[in-house]
1. Which one of Lys167, Lys139 is among the basic types (Lys, Arg), over 24 Å from Leu12 (Cα atoms) and assigned to a loop (DSSP other than H, G, I, E, B)?
2. So which residues in the range 176-190 are in a strand (DSSP E or B) and either farther than 15 Å from Ala23 by Cβ or more than 9 Å from the ligand (Cβ to nearest atom) (or both), if there are any at all?
3. Among the residues that make up the range 168-175, is at least one of them more than 9 Å from the ligand (Cβ to nearest atom), in contact with a Ser or Thr (Cβ under 6 Å, 6 or more places away or on another chain) and at pLDDT 95 or above?
4. Checking the conditions here, which among Leu148, Leu193 is in a loop (DSSP other than H, G, I, E, B), more than 10 Å from the ligand (Cβ to nearest atom) and not aromatic (Phe, Trp, Tyr)?
5. If Pro162 satisfies every condition in (1) touching a strand residue (DSSP E or B) at 6+ places or on another chain (Cβ under 8 Å); (2) more than 11 Å from the ligand (Cβ to nearest atom); (3) farther than 22 Å from Leu110 by Cα but one, which is the exception?
6. One residue is enough: does the range 79-100 have a residue meeting the conditions assigned to a loop (DSSP other than H, G, I, E, B), surrounded by 13 or more Cβ atoms within 10 Å (Cβ to Cβ), polar (S, T, N, Q) and modelled with pLDDT of 90 or more?
7. If you take the residues of the range 113-133 that are part of a helix (DSSP H, G or I) and surrounded by 13 or more Cβ atoms within 10 Å (Cβ to Cβ), which of them is modelled with the highest pLDDT?
8. Considering only the range 117-132, state which residues are near the ligand (Cβ under 6 Å from one of its atoms) and aliphatic (A, V, I, L, M).
Amino acid sequence: MSHPIDVRNQQLYDLEQFAVPQAVKNDLQGILLPQGLIDNRVARMGEEIAKNYAYGNTLAICVLNGAQHFYQQLLNSVFPSVHNDIQLESIKCCSYDGTKSTGEVQINGLDFTAVRGKNVLVVEDIIDTGLTLSKLAQKLYEHDPLSLEIACLLDKRERRNPQATVKPEYTGFIIPDRFVVGYGLDFNGRYRLLPHLGVLKEEIYQK
Ligand code: 5GP
């Protein structure tokens, strides 16, 4: 359905070529995806989604906190062509401690009764082992949605756990196995406001 852009073999852009605050610049190896490229890819994903959700009865779930910016941008591009109302909800899934996946997934913040009979669209920032989304999808299916689709900005395909069954219908980019921040993604609460997607220096998270 979607044709993600594969940047696994792409060199990082030099930080000096982009507008990046000095404090953040010191912590990054480089820029993997400049903001303009991400914005345009997200607009295209929005067009694809709008075609499939034109008939309404939609519940769009944002997976907090990392997907917040992606969610807003995506829905901005879905809305001009989908005129019926979309119910917006958010959910908090937690499986990470710093840069390490704990393997345990906690899900909070949604009244799951809202899912029954809806066309549910889950919006996630990044799929890594895939365990978070698999657990979330399983829990949503238990509450009888009419349909369930997943839009994911970034996919670290190499890292997928064989137990993860979930496959996003819409994917922005396939990225290498490196820890990325910016465009809403954080490391312990920092770097979310960086407009580009950057690769964090290992020494920052190995401190
Ligand atoms: P999974 O269950 O697929 O292993 O984990 C998905 C979650 O891990 C994402 O929602 C995100 O919070 C976090 N994550 C995985 N890789 C990265 C990364 O490179 N950067 C950031 N900031 N978060 C990541």
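1. Lys167
2. To start, the set of residues in the range 176-190 that are in a strand (DSSP E or B) comprises 180-182, 185, 187, 190.
If the condition is that a residue be in a strand (DSSP E or B) and either farther than 15 Å from Ala23 by Cβ or more than 9 Å from the ligand (Cβ to nearest atom) (or both), then Val180, Leu185, Arg190 are the ones that fit.
3. Yes: the range 168-175 contains one or more residues that are more than 9 Å from the ligand (Cβ to nearest atom), in contact with a Ser or Thr (Cβ under 6 Å, 6 or more places away or on another chain) and at pLDDT 95 or above.
4. Every option except Leu193 fails the conditions.
5. Failed condition: (1).
6. For the range 79-100, residues assigned to a loop (DSSP other than H, G, I, E, B), surrounded by 13 or more Cβ atoms within 10 Å (Cβ to Cβ), polar (S, T, N, Q) and modelled with pLDDT of 90 or more: absent.
7. Val115
8. If the condition is that a residue be near the ligand (Cβ under 6 Å from one of its atoms) and aliphatic (A, V, I, L, M), then Ile126, Ile127, Leu131 are the ones that fit.
The values are calculated or read from the model by the stated rules, or taken from the named source; none is laboratory data. Model, not experiment: these values are computed from the prediction. Methodologically, a virtual Cβ is constructed for each residue, glycine included, from the backbone with ideal geometry; neighbour enumeration extends over all protein chains shown.
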